[in-house]
Amino acid sequence: MSARVRVLGAGVGGLAAALELAQAGAEVEVLEAGSQPGGDGASRFAGGMLAPWCECVSAEPVVAELGRQALEWWPRQFAGTVRNGTLVLAAARDVGELEAFANRSERFQRLDGDGIAALEPDVAGRFRHGLLFADEAHLDPRAALAALAQRLGELGVAIRYGVDARGQADDGRIVLDCRGYAARDRLPELRGVRGEMLLLHSDDVQFARPIRLLHPRGMHYLVPRGDGLYMLGGSMLESDDAGAISARALMELLNAAYALHPALAEARIVELGHGLRPAFPDNLPRLEQRDGRWHLNGLFRHGYLLAPALARQAAARLLEAA
């Protein structure tokens, strides 16, 4: 008899775990409080960058180690995965930020102005120093979530939307809780780290890969979505405020876009969004069993990067325990 598993949450962690379990032969169902894959959570507002070597600048080495699995997992599950690398730039006055970034990362190529222009002609002449992380990739999170949900449907996995998982009996199933920040009712040590984003549309610029723009106050990034759409993000606030984006955050994001290319000042704002990233005190993800329930949580700002590795771990552990 196959293991029967109920996955709570249809964000990237829940869908990836459900897929690994179903492919291993488990009988799986997914419950999601929202009305669509990702609900209204952080998975829908992510950058979708698969950048293990860029992220090791500020994260523990285990993040890069686990994140490398995403670079072979996502292309198998989602045909829209794009492996054009990541370009890291800084203005001439901020070249020290670029050097500090390089000193904390690995597997990159240094670029001069000509090298930058060859990769991204629309920033030709604007930046003289850059780093190319050629092995990294990116994807459109919402399209990726839809692809995982479709694949689960093909495997006979039911995803029930609009269901409050807190009121559901376990019915003898193994429960894997992947509700992200909503799981604070069982994981009180979880905290929310607020992220804010814009979707911009512009026909005046064309970028082929994510661009990270460094400055003394931190970093912002622009991620191509195709058809002239770009996701602009980079804010990270220690706050569980789920309210609308602030004027200050909006101005900082738009200033970063303008610094990258003045033509983006004429881009159309298609969407403003924000999400609360779930994080444990050490900012590392956990797969653990507590009070009769398994939990996969704490993916922080690395959801799409770490979900494949954590999903594989979850499938192995749950099937072993079944």
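The values are calculated or read from the model by the stated rules, or taken from the named source; none is laboratory data. The structure presented is a predicted model; accordingly, all values stated were derived computationally and were not measured. Virtual Cβ from ideal backbone geometry, glycine too; neighbours counted across all protein chains shown. The protein model used for the area step is the full one, side chains on, heavy atoms only, and it has no ligands, DNA or RNA in it. Shrake-Rupley method; radii C 1.70, N 1.55, O 1.52, S 1.80 Å.
A few comments on the model shown:
- Contact order for segment 57-164, expressed relative to its length and based on alpha carbon pairs under 8 Å spaced 6+ residues apart, stands at 32 percent.
- Cut-off 15 Å between beta-carbons: net charge of the residues surrounding residue 75, Lys and Arg +1, Asp and Glu -1: 0
- Solvent-accessible area per residue, Å², over segment 1-101 with all protein chains present [probe radius 1.4 Å]: 35
- Extension gain for residue 242-residue 204 works out to 10.4 nm (0.36 nm per residue, less the C-alpha to C-alpha distance).
- For segment 142-184, the residues whose backbone nitrogen is under 14 Å from a point 7 Å from the Cα of residue 270, taken along Cα to Cβ, are 142-144.
- Segment 59-98 shape via C-alpha gyration tensor axes, a/c threshold 1.5: oblate
- The residue among 275, 214, 306 whose Cα reaches farthest toward the positive pole of the charge dipole of the chain, with charges on the beta-carbon of Lys, Arg, Asp and Glu, is 306.
- Spin-label model distance (nm) - residue 189 vs residue 154, 7 Å beyond Cα toward Cβ: 4.0
- Percent carbon-and-sulfur accessible area, the chain, ignoring ligands, DNA and RNA, probe 1.4 Å: 47
- Cα extents of segment 113-256 along the three principal axes, largest first (Å): 63, 37, 26
- Relative contact order, percent, the chain [alpha-carbon distance under 8 Å, six or more residues apart]: 26
- Computed with the Debye formula from one identical point scatterer per Cα of segment 204-322, without solvent, the log10 of I(q)/I(0) at q = 0.17, 0.22 Å⁻¹ comes to -0.96, -1.29.
- Peptides 7-14, 293-300, 262-269, 275-282 ordered by average Cβ neighbours within 10 Å, highest first: 7-14, 293-300, 275-282, 262-269
- Across the alpha-carbon set of the chain, the Rg to Rh ratio works out to 0.98, Rh being the Kirkwood radius.
- Low-density loop cleavage sites - GluC sites (Glu not before Pro) in segment 147-200, where at most 16 other Cβ are within 10 Å (DSSP): 189
- Neighbour net charge for residue 317 - beta-carbon separation under 15 angstrom, K R +1, D E -1: 0
- Convex hull (Cα only) mean projected area of segment 278-322, reported in nm² to one decimal: 3.3
- FRET efficiency for residue 2 and residue 83, using Cβ-Cβ distance with R0 set to 35 Å, rounded to 0.05: 0.50
- Note that segment 10-54, at 20 °C in a medium of 1.002 mPa s, gets a Stokes-Einstein diffusion coefficient of 181 µm²/s from its Kirkwood radius over C-alpha pairs.
- Where segment 162-224 is the region considered: accessible area per residue in Å², 1.4 Å probe: 41
- The magnitude of the dipole of the chain, with charges of +1 and -1 set on the Cβ of Lys/Arg and Asp/Glu and taken from the Cα centre, is near 300 debye.
- Estimated [θ] at 222 nm from DSSP helical runs (n ≥ 4, -39500 (n - 2.57)) normalised by residues in the chain, nearest 500: -8500 deg cm²/dmol
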